[in-house]
Amino acid sequence: MKKLFSLEKLTQGIRLSLTKYPISILFAAIAAMLLIVITAAQGNDMEDIFAYIIGCGMGISLFFAIHTALENKTWPGYVKGLVMVMGLGILWLIVSDIKNQMDSGSDQSQAIQIFGYGLLTHLVVAFLPFIGNFKINAFWQYNKSLFIRAFTTVLYTGVLFAGLRGAILAITQLFDVDFGSKIYAYLWFIMALPMSVIIFCAGVPTDINELESSTDLPKGLRIFVQFILIPLVVLYLLILYAYMGKIIVQWSLPQGWVTILIMVFSVLGMLAMLLVHPYQNQKENSWVKWYTKGYYVALLPLLILQYVAIFTRIGDYGFTAPRWAVLAITFWLTWITLYNVFFKGRNIVLIPLTLFITAFLFLLGPLSHKSISISSQTAKINRLLTELKLVKNGKLLVYKDNPKTDSLMGELYSATRYLNRNYQKTGLEPYLKYPTEAEIQKQTYIEKASTSPGSTNRNQIMDRYNRRQDIRQILSDDLEKFNIHSYDSDRETATSTWFEIESQIPQNLIPAGNWTHYYPIEDIYMNEDYESTVSSRPDFIKIKRNKGATNGDVGSNVTLIVNGEEIEIPIQNALASDLKNRMRSAEFNILKVPNNKLLFPFKKNGQEGIFVVEKINYDVFETNGANPNNLKIDRITGCIFMK
């Protein structure tokens with residue numbers, strides 16, 4: 001009788017994991033430890049650690065692939081050791097690049113780099129053990145085992161976590177033992193990282209050569225593909241072909257969103273094709289050959305639709321990282337499709353291998369998203385500079401507002417903003433350059449001395465968490481010198497004037513209070529239709545203008561959204577009399593008010609802090625000259641201190 005549970009088999013599996021995949025398990029343990037440290041410290045001064053956590057996660061899959069590949073090589077020990085060192089070097093380069101993106105790049109560029117590197121380190125798991133020895137059946141059996149083992153690991157880890165969580169809860173309730181509210185988070189980090197890696201590694205095949213002769217074709221896997229995946233693929237196919245018929249009848253351009261649907265169809269279809277690949281040799285499963293051929297033939301017209309959609313966007317706005325990513329994937333899909341339709345491609349190892357090459361070229365080198373985006377957006381900026389006649393005798397001229405050309409200036413601003421937020425370029429070189437490290441440090445260190453009682457001096461306090469905002473402020477100031485800024489439908493440059501409210505002296509003092517976090521707000525454009533992000537770590541803070549701020553209500557406010565909690569800041573209420581007096585005089589320039597009028601403490605549902613305003617820019621509509629009701633907050637500068 002087969003045993004349901006064997007302690008000996010369990011210990012053998014754990015021993016196998018620890019001996020065969022020690023570095024992967026070590027990275028998982030380090031990642032769990034770092035997450036526990038961050039959770040215990042509530043995220044204070046821990047931003048740099050995130051890059052190392054991400055690096056550890058990628059190290060798990062990278063060294064799993066290296067361990068498996070070396071296990072099936074007869075190389076000398078020193079050669080295998082050298083490969084391990086090279087793997088550590090590659091991982092260090094990845095972490096360094098991610099840290100650089102966190103320091104200077106946008107959330108979008110961070111996500112692209114992290115996803116790209118994650119894709120690379122997981123793809124090598126699929127094909128690295130087969131480099132130099134493309135054994136098709138062994139490749140399929142190996143990846144089939146990994147696929148099934150992943151589901152098994154999720155199930156085992158989930159049940160183990162739920163059981164231990166219940167045990168902790170029982171001890172807490174029955175014996176009045178207080179483990180603290182974070183104990184469950186600590187438990188999850190341990191279960192989801194080192195424990196799940198041990199469970200996964202304990203059941204994966206190690207001898208690749210033996211797999212080539214394996215005939216194990218799980219019936220459950222075929223049923224999953226035949227009755228779940230393939231019906232989904234057919235559903236997406238019908239939707240896409242119906243949409244293609246619609247745009248042909250209406251003779252209209254496809255929406256950009258269709259590219260997402262085509263990629264979902266491609267991923268599901270290719271996954272289904274790979275999972276049932278060996279079944280095509282069985283007479284009772286002859287439908288697999290029909291499905292494989294039909295899938296790639298059906299994909300050809302959709303790829304044409306994909307090209308039309310993406311090149312339409314590129315033609316209008318130029319290349320950006322997301323558009324280049326879509327185009328790169330489309331190129332890869334086209335190659336795979338043509339290979340299978342016209343060359344009867346049977347070497348399925350090429351699918352992850354060529355995808356790896358595509359992702360690598362997308363991330364690094366002359367065909368990377370950085371090189372392509374910089375080249376495309378810089379060319380667009382140079383074209384707009386010529387159209388706007390802003391360069392004369394090798395010098396950049398100040399742009400003069402003009403309703404006929406404001407939309408072009410808006411395009412120029414968007415392009416240079418995209419480059420400086422993602423790639424540390426302005427696109428306006430040599431007229432305007434990205435800030436040097438010395439300029440960034442000068443902006444980051446606040447050198448004003450404190451003379452006010454009850455305040456703390458901010459002299460030489462480096463705001464390391466807001467380096468990106470400091471860079472953006474420098475660039476914003478530089479661009480403003482040439483009147484380069486956004487022009488959108490909410491701005492009425494021809495029918496409105498403006499004035500500013502500023503503090504009487506610079507707000508260089510930290511207000512009294514035990515503040516632990518500082519978030520600058522650098523000339524953020526205010527709108528009631530969307531929320532502008534102030535910070536994404538460790539506190540998630542957004543700001544928006546209330547709708548009342550544009551309908552004639554002078555007493556209307558702005559709203560902070562702090563970790564999901566909406567907090568009204570009564571800026572306009574506090575300044576109502578100043579606004580009315582100034583506007584009645586019909587002088588729309590700069591009004592200086594006492595500093596204490598621009599301090600707004602807040603406390604709501606555990607979110608406590610103070611909003612320090614330095615400057616507010618207003619738009620004043622000229623429908624009635626001195627009417628104080630015709631105004632709206634346009635931009636705001638200041639900072640937020642929180643506990």
Residues with amide H under 5 Å of E608's amide H, sequence separation 5 or more or different chain, H placed in the peptide plane at 1.01 Å from N; which?
K643
Between F342 and N605, what's the calculated FRET efficiency when r is the beta-carbon distance and R0 is 51 Å? Round to 0.05.
0.20
To the nearest 0.05, what FRET efficiency results for N596 and V249 with a Förster distance of 56 Å applied to their C-beta separation?
0.25
Given a Förster distance of 45 angstrom, what is the FRET efficiency for N514 paired with E439, based on the Cβ-Cβ distance and rounded to 0.05?
0.90
Relative to the present Cα-Cα distance, how much length would full extension add between A576 and R383 at 0.36 nm per residue of separation?
64.9 nm
Quote the accessible area belonging to D470 in square angstrom, nearest 10, computed with a 1.4 Å probe and with ligands, DNA and RNA left uncounted.
10
Tell me, what is the 1.4 Å probe accessible area of F130, in Å² to the nearest 10?
0
Please calculate the 1.4 Å probe accessible area of E565, with all protein chains present, and give it to the nearest 10 Å².
50
Give me the Kirkwood hydrodynamic radius of segment 370-449, using the inverse of the mean 1/r over all pairs of distinct Cα atoms, in Å to one decimal.
14.0
In segment 212-285, what percent of the accessible surface is made up of carbon and sulfur (1.4 Å probe, ligands and nucleic acids excluded)?
69
Check D634: other-chain or 5+ apart residues with amide H under 5 Å from its amide H, H built from backbone geometry?
N617, Y618, D619
Before I look further, what does segment 58-176 give for accessible area per residue, probe 1.4 Å, in whole square angstrom?
49
A correct Stokes-Einstein calculation for segment 239-288, using the alpha-carbon Kirkwood radius, 20 °C and 1.002 mPa s, returns a whole-number D in µm² s⁻¹ of 163
Using θ = phi - 60° and the Karplus curve 6.51 cos²θ - 1.76 cosθ + 1.60, what whole-Hz ³J(HN,Hα) does each residue of segment 143-155 get, with Gly and Pro shown as x?
6, 4, 5, 5, 4, 5, 5, 4, 5, 4, 4, 4, 5
Net charge around Q306, counting only other residues with Cβ within less than 15 Å of its Cβ (Lys, Arg = +1; Asp, Glu = -1)?
+2
Calculate the spin-label point distance for I171 paired with I36, positioning each point 7 Å from the Cα along the beta-carbon direction, and give it in nanometres.
1.3
Which of L390, L361 is most accessible, then next, and so on - probe 1.4 Å
L361, L390
Heavy atoms only, probe 1.4 angstrom, no DNA, RNA or ligands counted: give me Y241, Y518, Y399 ranked by accessible area, highest first.
Y241, Y518, Y399
How much length is gained if the chain between L396 and F147 is pulled fully straight, taking 0.36 nm per residue apart and subtracting their Cα-Cα distance, in nm to one decimal?
83.9 nm
Order the following by accessible area, largest value first: W335, W290, W324. Probe radius 1.4 Å; ligands, DNA and RNA are ignored.
W290, W335, W324
Which distance in nm do the two modelled labels at F482 and A162 give, with both placed 7 Å along the Cα-to-Cβ direction?
6.1
Tally up the carbon and sulfur contribution to the accessible surface of segment 350-444 as a whole percent, 1.4 Å probe, everything protein left in place.
58
Measure off 7 Å from each Cα along the Cα-to-Cβ vector at F540 and K182, then give the distance between these two points in nanometres to one decimal.
2.0
Over the Cα atoms of segment 135-186, each weighted equally, I'd like the Debye log10 I(q)/I(0) at q = 0.13 Å⁻¹, rounded to two decimals.
-0.51
What is the extension gain from S532 to Q108, computed as 0.36 nm multiplied by their sequence separation minus the C-alpha to C-alpha distance, in nm to one decimal?
151.1 nm
Apportionment of accessible area to carbon and sulfur, segment 12-152, percent (1.4 Å):
71
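The values are calculated or read from the model by the stated rules, or taken from the named source; none is laboratory data. What you see is a predicted model; the values in this text were computed from it and never measured. FYI the Cβ positions are ideal-geometry reconstructions off the backbone, even for glycines, and counts take in every protein chain you see. For the accessible areas, the whole protein counts, side chains as well, though only heavy atoms, and no ligand, DNA or RNA atoms are used. Shrake-Rupley method; radii C 1.70, N 1.55, O 1.52, S 1.80 Å.
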